[in-house]
Amino acid sequence: MCSRFPLLAAPLLLAPFVLAACQPLPHPFADQKQGPATPVLAPPDAVGIVVPPVAGAPAPAAAAVATAMADALMKEDVPADTAETNSRSYHLSGTATAQPLGDHTRITIAWRLAGADGHVVATETESAEVADAAWRAGDPEMAKALVARPAPVLARRVEGDAPLEHAVKEATLGIAPVTGASGDGGHALSLAIAAALHRAGVALQEKPDDKPSYLLAGKVAIGAASAGHQDVKIVWALSRADGKEIGQVSQENAVPAGSLDGKWGDTAYDVATAAVGGIVQLLQQAQATGS
């Protein structure tokens, strides 16, 4: 049975283990509670995020947008700076493209947040039409407008406590492409779950010819539209490299019909954040029992 309260159930003492979660609309997957083993995507305050000048922009705009982003992240209680860094700092890089529209320009900035080791934690893209003169001059108000939406979204990716270390003993986990998702869900979910597991201290397969000890496969099933909604079920199946299944983490909810036909955006990260604790528990139990 699926409770109407947001939760992530403890693993059943049966094989395969199954964890299930569901919660009410209108924020599917966003409010699932995490168990004590669940990591959060968050650098400790001493680490912080460095935001270099935006690539592809005139020098004044490149600096202004970076400064605006750092300031906006600070307002979201995420430590950020445009210059200070250390060996553990996260890097938030922006790349701008411009489309001239007479005396205005459509600016698109693709943001990429990565850990010190280069592992991508999140990506976000913003597009807006601005006055050409303001863009070339690096107008501060223009810069603030360009980061107003992506800054809180990116802050969500890193809010919370410091990442857990050694949550799982050294064991390589391979992640298969997520199947069955509409829109960009396959790519978005694969990226989000990899980032969440990486932050949990799980060693991930880095090269195609690496031989992982465990494999994680995600499968999405989206039901037909009914009364303006669609049921969405996501199952994460963990198995040994030899194909023996260890257990599953299952998530299920209803979403507005067609809302996942395009970009999954925050939903992919909500799903990964809610599921990662259960996956880590399965890995820990598998290693403890030698299964």
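Only residues in the range 59-77 that are under 11 Å from residue 147 (Cβ atoms) count as the first member; pair them with residues that are outside any helix (DSSP H, G or I) and charged (D, E, K, R), Cβ under 6 angstrom, at least 6 apart or cross-chain, and list the lot.
These pairs meet every condition: 70/81.
Any idea how many residues of the range 222-280 are surrounded by fewer than 23 Cβ atoms within 10 Å (Cβ to Cβ), among the small types (Gly, Ala, Ser) and not in a strand (DSSP E or B)?
Result for the range 222-280: 12.
Among the listed residues 74, 69, which satisfies the condition of being outside the structural domain of residue 269 (by TED's automatic domain parsing) and surrounded by fewer than 19 Cβ atoms within 10 Å (Cβ to Cβ)?
Unique residue meeting the criteria: 74.
Can residue 77 be described as modelled with pLDDT under 85 and on the phi > 0 side of the Ramachandran plot?
Answer is yes for this residue.
For the range 227-241, which residues satisfy the criterion of being among the aliphatic types (A, V, I, L, M) and on the phi < 0 side of the Ramachandran plot?
Selection gives 232, 234, 235, 237, 238, 241.
Of everything in the range 99-145, what is closer than 28 Å to residue 157 by Cβ and among the small types (Gly, Ala, Ser)? Give them in sequence order.
Matches in the range 99-145: 110, 114, 115, 116, 118, 122, 127, 128, 138, 143, 145.
One residue is enough: does the range 281-290 have a residue meeting the conditions out of contact with any Leu (no Cβ under 6 Å at 6 or more places or on another chain), farther than 28 Å from residue 113 by Cα, in contact (Cβ under 8 Å) with a residue 12 or more places away in the chain and part of a loop (DSSP other than H, G, I, E, B)?
There is no residue in the range 281-290 that is out of contact with any Leu (no Cβ under 6 Å at 6 or more places or on another chain), farther than 28 Å from residue 113 by Cα, in contact (Cβ under 8 Å) with a residue 12 or more places away in the chain and part of a loop (DSSP other than H, G, I, E, B).
Please determine, by comparing only the residues of the range 158-202 that are more than 20 Å from residue 214 (Cβ to Cβ), of a type in the set (D, E, K, R) and modelled with pLDDT under 75, which one is surrounded by the fewest Cβ atoms within 10 Å (Cβ to Cβ).
161
Within the range 246-259, restricting attention to residues that are closer than 20 Å to residue 175 by Cβ and of a type outside the set (Val, Ile, Thr), which residue is farthest from the chain's Cα centre (by Cα)?
247
Being closer than 25 Å to residue 90 by Cα, free of Cβ contacts under 8 Å to residues at least 60 places away in the same chain and either small (Gly, Ala, Ser) or touching a strand residue (DSSP E or B) at 6+ places or on another chain (Cβ under 8 Å) (or both): is that true of residue 257 here?
So residue 257 does not fit the description; no.
The values are calculated or read from the model by the stated rules, or taken from the named source; none is laboratory data. Worth saying up front: this structure is predicted, and the values here are computed from it rather than measured. All Cβ positions, even for glycine, are placed from backbone atoms using ideal geometry, and neighbour counts span all protein chains on display.
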